[in-house]
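Everything below concerns the one structure shown next.
What follows is calculated from the coordinates using simple rules that are stated; it is not laboratory data. Computed from a prediction, not measured in an experiment: that's the story for all the values here. Reconstructed Cβ throughout: ideal geometry from the backbone, glycine too, with neighbour counts over all protein chains shown.
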Amino acid sequence: MSEKDRMLAGELFNPFETELAKAKFQAQALLHEINHLHPAETQKKTSLFQQLLQTHLDDFTIELPFRCDYGFNIAIGKNFYANFNCTILDGAAVTIGNHVMFGPNVSLFATTHPVEPNYRRRGVFALPINIGDNVWIGGNSVVMPNMNIGNNVVIGAGSVVTRDIPDNCIAVGNPCRVLRKLNERDKVYYFKERQFSEEFYSMINEFLSAETIGAAK
């Protein structure tokens, strides 16, 4: 079994082995080019990210700088947005759903180390991370290995996700825990006592209608 096979199987592996070192070097070379692009070079940026990540889509926005290990283990859905300083350690599959947003300094750590120090010196291991649709992860949050975040979830800023998070909730803290479920009040107030305007409701209804028509075509 190769070190890459061990990595993808969730077993202890040596990240400095020749095949993996070469794959990481290729990813880092692409990242160097991406992270030094002029802001006006949007088409080139999209093209380079399509080479780095597992996506053929072009409707994503990833603010720079961005960091990852290999790129080939990262799959993004439609309309993905990552703010500045996103880091993804992708020794295992990192799957991100549709309409997902990351705040600044969000980190996904699929790769980690054994706790026992002598074993830790022998290598690392990686376990998958799965993020559902319509998820917003607040700034400075960390998602640990082997985590599943459901659909329609908000992860509060500064959280550390160490357990699975179910659908339709707001979760915060270190360790991250469910604060509450989404409810009807969230359709009326966007922040504390600040209400959505009638103009907004009209706009959002037009947007959702157009999206439904587009999906049906």
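Structure data summary
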read-out	value
Test item: Cα-centred dipole of the chain, Lys/Arg +1 and Asp/Glu -1 on Cβ, debye	560 debye
Dipole of the chain [Lys/Arg +1, Asp/Glu -1 at C-beta], most positive-end residue of Phe200, Ser159, His56	Ser159
Among Pro114, Pro65, Pro166: highest mean-square fluctuation, GNM of the chain, C-alpha pairs under 10 Å	Pro114
Nitroxide proxy distance, nm - points 7 Å out along Cα→Cβ at Leu127 and Thr18	3.3 nm
Two-decimal Rg/Rh across segment 102-155, once Rg and the Kirkwood Rh are taken from alpha-carbon atoms	1.10
Cβ-derived FRET efficiency at R0 25 Å, His99 paired with Asp186, nearest 0.05	0.95
Mean Cβ count within 10 Å, highest first, over the residues of peptides 183-189, 22-28, 138-144	138-144, 22-28, 183-189
Cβ crowding within 10 Å averaged over residues, with 129-135, 44-50 ranked highest first	129-135, 44-50
Crossing angle, helix 42-52 versus the chain [Cα axis fit, 0-90 degrees, rounded to tens]	50 degrees
Tilt relative to the chain, helix 18-35 - C-alpha long axis, 0 to 90 degrees, to 10	40 degrees
Candidate lysines for bridging to Lys24, where Cα separation is under 20 Å - those fewer than 8 sequence places away on the same chain excluded	Lys4, Lys45
Inter-site label distance for Asn140 and Lys44 at 7 Å from Cα along Cβ, in nm	3.5 nm
